[in-house]
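Data block below; observations after.
The values are calculated or read from the model by the stated rules, or taken from the named source; none is laboratory data. These figures come from a predicted structure and were not determined experimentally. Glycine also receives a Cβ, built like all others from the backbone with ideal geometry; neighbour counts cover every protein chain displayed.
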């Protein structure tokens with residue numbers, strides 16, 4: 001089913017040249033009617049997205065095509081409404097990602113990027129571009145956009161969750177690129193974000209030790225000591241049952257990582 005939806009989404013995106021009066025997807029019987037405003041068009045796309053969650057798979061295709069059409073038409077009919085242009089690009093990317101088609105969002109995100117420039121939305125657009133290029137097998141462009149997300153994050157008013165997602169995503173990218181030093185730098189920076197609890201810090205430290213074992217013994221020994229301290233802190237802290245279980249699971253994963261250092 002996911003493969004069929006990816007093919008459908010590809011057709012929808014490629015048919016994104018929307019006529020001023022009407023936008024229709026060649027992959028669907030659905031017809032998209034221009035709304036009275038960009039806000040109304042985005043609201044219609046949101047309603048269709050919510051409807052998708054309650055729709056059985058055989059009927060999803062027409063709804064996806066119609067939702068995508070509503071998002072594409074925003075950038076065609078209201079190109080000067082920067083806020084709406086950015087929202088349409090982000091929503092399109094998130095909808096595509098939900099069905100395994102994030103690389104198909106690249107063009108829409110590139111269209112939205114100028115409108116997002118120097119706003120708090122810029123890091124999010126850059127982050128999604130980084131992920132999209134990464135999934136499409138283009139690490140050079142992926143790194144460029146990931147670093148742009150990181151750079152613009154520092155000058156934007158992002159909350160902790162958004163900053164955490166960017167730093168963690170950049171760290172995981174460098175992990176996949178077998179660049180442990182760069183990956184560790186991002187995981188450590190994420191640990192310094194305000195308001196992070198001990199479980200989140202330990203989770204990030206586990207990511208650190210997974211990278212550190214690729215480096216000289218002195219470094220991974222130090223990182224394991226930090227991890228052990230966080231686990232001890234978690235066990236001394238009054239945690240919810242879920243968080244307490246998470247601490248023990250992190251310890252079990254770390255034991256497997258330690259075994260690799262003995263091989």
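Miscellaneous remarks
- Residue within the stretch 124-132 that is in contact with a strand residue (DSSP E or B) (Cβ under 8 Å, 6 or more places away or on another chain) and crowded, with 17+ Cβ neighbours inside 10 Å present: no
- Residue within the stretch 42-59 that is closer than 26 Å to residue 130 by Cα, touching a residue at least 24 places away in the same chain (Cβ under 8 Å) and buried (at least 24 other Cβ atoms within 10 Å of the Cβ) present: yes
- Against the conditions (1) within 14 Å of the chain's Cα centre (by Cα); (2) over 17 Å from residue 109 (Cα atoms), residue 142 satisfies every one except (2).
- Checking the stretch 126-146 against the condition returns a match, with at least one residue being modelled with pLDDT of 95 or more, closer than 19 Å to residue 46 by Cβ, part of a helix (DSSP H, G or I) and not assigned by TED's automatic domain parsing to the domain that holds residue 52.
- Meets criteria (under 22 Å from residue 188 (Cα atoms) and surrounded by fewer than 11 Cβ atoms within 10 Å (Cβ to Cβ)) for residue 252: yes
- Counting residues in the stretch 140-159 that are more than 29 Å from residue 36 (Cα to Cα) and in contact (Cβ under 8 Å) with a residue 40 or more places away in the chain gives zero.
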